[in-house]
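Enquirer: Before I ask anything, let me first share the structure, which is written out below as structure tokens.
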Amino acid sequence: ADSKDKDRYCEFWNLVFTQFNRVDVGKLEPLKSKNIDTGSGLERVARLIQGKPNNYEIDLLFPVVQAVSKLCGKEYGKDFEQDRRMRRITDHVRFAVFAIADGVKPGRNEREYVLRRLLRRAVLDGKELGIEQAFMGEITKQVIKQMSVGYPELAKRQEIIVKVTQEEELSF
């Protein structure tokens, strides 16, 4: 596609041909069992069907972006960098909600540290957007509200999920 068509196409399905195991920098070993991973993301398909310009504007995620927008007092869609921060907060809190619901808590081992870093990045983005008060609990609740239709266990675990995100925000 030529550059004038860059917004005309949207990848909604991909294929990954897995045939090697990386054992060292520049050293690949053939796998005994090669495979093809085929996948399409829910958000990609929803974006395509709903005719949205990005995954964050689909009906499942946009209410979270709007909640961030309201908290910071900035209109979504007016400034690229601000929009990016709102989307990143949405994505990071969504990750955190599911990780915490699965029993992960912010900490020092590998997966715990990933959770901690993403929550802290969301807090920093909020500060950069001008949010002065604690806000992670409110965004966490919005994510749970949106996602609990398909994942009812989130609503059942809401109290602990909100508590963990709020505590991490305060400790940071």
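Enquirer: From ILE36, ILE49, which residue is free of Cβ contacts under 8 Å to residues at least 60 places away in the same chain, among the hydrophobic types (A, V, I, L, M, F, W, C), open to solvent by 50 Å² or more (accessible area, probe 1.4 Å) and within 30 Å of GLU138 (Cα to Cα)?
Expert: None of the others qualify; the one that does is ILE49.
Enquirer: Same structure again: Residues in region 152-165: is at least one part of a helix (DSSP H, G or I), under 16 Å from LYS70 (Cα atoms), open to solvent by 80 Å² or more (accessible area, probe 1.4 Å) and modelled with pLDDT of 95 or more?
Expert: No, every residue in region 152-165 fails to be part of a helix (DSSP H, G or I), under 16 Å from LYS70 (Cα atoms), open to solvent by 80 Å² or more (accessible area, probe 1.4 Å) and modelled with pLDDT of 95 or more.
Enquirer: Right, here's the next one. Scan region 125-150 for residues that are in contact with a Lys or Arg (Cβ under 9 Å, 6 or more places away or on another chain) and in a helix (DSSP H, G or I) and jot them down. Lay out the reasoning, then the answer.
Expert: Initial filter on region 125-150 (in contact with a Lys or Arg (Cβ under 9 Å, 6 or more places away or on another chain)): 125-126, 128-130, 137, 143-144, 146-148.
Hits for region 125-150 are ASP125, GLY126, GLU128, GLY137, VAL143, ILE144, GLN146, MET147.
Enquirer: Return yes when PRO30 is touching a residue at least 12 places away in the same chain (Cβ under 8 Å) and open to solvent by 80 Å² or more (accessible area, probe 1.4 Å) and no when it is not.
Expert: No.
Enquirer: Continuing with this model, one more query. So in region 4-60, with the set limited to residues that are closer than 23 Å to MET147 by Cβ and among the acidic types (Asp, Glu), which one is farthest from the chain's Cα centre (by Cα)?
Expert: Step by step, filter region 4-60, then rank; the result is ASP59.
The values are calculated or read from the model by the stated rules, or taken from the named source; none is laboratory data. Fair warning: this is a prediction, and the values are worked out from it, not measured in the lab. Glycine gets a Cβ as well: all are built from the backbone with ideal geometry, and neighbour counts include every protein chain shown. Accessible surface is based on the protein model in full, side chains and every heavy atom, while ligands, DNA and RNA are left aside. Shrake-Rupley method; radii C 1.70, N 1.55, O 1.52, S 1.80 Å.
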